[in-house]
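The values are calculated or read from the model by the stated rules, or taken from the named source; none is laboratory data. These figures come from a predicted structure and were not determined experimentally. Glycine gets a Cβ as well: all are built from the backbone with ideal geometry, and neighbour counts include every protein chain shown. Remember, those area values only see protein heavy atoms, side chains included, never the ligands or the DNA or RNA. Shrake-Rupley method; radii C 1.70, N 1.55, O 1.52, S 1.80 Å.
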Amino acid sequence: MSNEKRENSSPNQLKEKIAHLKEELAKVNETFQEQLKQQSQDVSSEQEPSAEQQPSVKEEKVSPMVVIEELEREIDLLLRDNARLREEKLVVLADSENLKRRVQEEQANIRKYRAAGIGEKLLPALDNFERALQVENVTPEVKNFLMGFEMIYKLIKLSFGEEGITEIEVNVGDEFDSKIHHAIEIVETGEVKSGQIAKVLQKGYLIHDRVLRHAAVNVEK
């Protein structure tokens with residue numbers, strides 16, 4: 001049995017002992033009353049004592065039953081206080097666990113999305129590298145520059161992948177979704193259905209499960 005269980009049961013055990021004591025006192029009191037009655041009868045049959053022989057009036061004493069009842073009330077108060085303290089303890093423990101869980105979640109989110117700020121700042125540079133690499137019919141000198149650009153571009157993409165930054169896959173004909181798409185213009189091309197993506201203007205990116213940048217698109221009227 002745990003210490004807590006022993007502590008919680010002791011007031012109840014004490015109440016049981018007091019109840020037993022009350023029963024014993026009741027029996028003793030009953031016997032005492034019978035003895036007093038018998039003595040009273042014996043005294044009345046004898047000569048009435050003189051004033052000097054009269055017993056002096058005893059000081060009023062507190063009845064043991066009154067003391068026991070007072071103890072019972074105090075025990076009830078202690079039991080209620082004990083129950084209240086246990087409830088408060090449970091609330092504090094629950095609040096502590098909730099706080100601990102929130103802190104852990106916040107720390108996990110900080111680690112998970114730590115690259116969001118720098119990633120968002122690097123996206124325009126990544127766009128410029130992509131546009132440069134799409135240039136055709138360049139001179140050998142420019143082609144050498146583009147090879148260097150491509151190496152930088154691949155390094156940025158590799159770093160993005162390590163931090164959970166990925167492209168949002170968007171194709172012409174996809175249904176427009178405001179959660180991942182940003183409509184730049186409503187157009188009428190006749191090539192896709194109404195409400196579908198007519199043209200992708202700029203790539204969108206996710207960082208894990210969050211949108212880092214919406215994909216910029218034109219939407220069919």
For the range 171-182, in residue order, the Karplus 3J(HN,Hα) values (coefficients 6.51, -1.76, 1.60; θ = phi - 60°; whole Hz; Gly and Pro = x) are 10, 4, x, 5, 5, 5, 10, 5, 5, 10, 10, 10
So who's got an amide H within less than 5 Å of the one on LYS199, skipping anything under 5 residues away but keeping other chains? H placed 1.01 Å off N, in plane.
-> ASN218
So which GluC sites (Glu not before Pro) in the range 157-209 pass both tests, a DSSP loop state and at most 14 other Cβ atoms within 10 Å of the Cβ?
-> GLU169, GLU188, GLU191
Read phi for every residue in the range 91-108 and hand back ³J(HN,Hα) as whole Hz from Karplus 6.51 cos²θ - 1.76 cosθ + 1.60, θ = phi - 60°, with x for Gly and Pro.
-> 5, 4, 5, 5, 4, 5, 5, 5, 5, 4, 5, 5, 4, 5, 5, 5, 5, 5
In whole Hz, with x marking every Gly and Pro, tabulate ³J(HN,Hα) for the range 69-74 from phi via Karplus 6.51 cos²θ - 1.76 cosθ + 1.60, θ = phi - 60°.
-> 4, 5, 5, 4, 5, 5
May I ask you to compute the full-extension gain from LYS100 to SER194, defined as 0.36 nm times their residue separation minus their alpha-carbon distance, rounded to one decimal in nm?
-> 28.9 nm
Over the Cα atoms of the range 169-209, what Rg and Dmax result, in angstrom?
-> 10.7, 35
Can you give the accessible area per residue of the range 141-221, in Å², using a 1.4 Å probe?
-> 66
Let me know the number of lysine pairs in the range 52-203 closer than 17 Å at the Cα, not counting same-chain pairs under 8 apart.
-> 8
When ranked by the protection proxy of mean other Cβ atoms within 10 Å per residue, highest first, what sequence do the peptides 145-154, 193-202 form?
-> 193-202, 145-154
Compute the signed sum of charges (Lys and Arg +1, Asp and Glu -1) over the other residues within less than 15 Å, Cβ to Cβ, of ASN218.
-> -3
Shape category assigned to the range 83-198 from the gyration tensor of Cα positions, a/c cut at 1.5 = oblate
If you take the alpha carbon radius of gyration of the range 111-170 and divide it by 2.2 N^0.38 Å, what ratio comes out, to two decimals?
-> 1.29
Given H placed 1.01 Å from N in the peptide plane, which residues other than close sequence neighbours of LEU212 have an amide H under 5 Å from its amide H?
-> TYR205, LEU206, ILE207
Mind listing the long-range amide H neighbours of VAL187? Cut-off is under 5 Å, sequence gap 5 or more, other chains count too, H placed in the peptide plane at 1.01 Å from N.
-> VAL219, GLU220, LYS221
Compute the FRET efficiency between ARG84 and LYS17 as 1/(1 + (r/R0)^6), taking r as their Cβ-Cβ distance and R0 = 22 Å, and round to the nearest 0.05.
-> 0.35
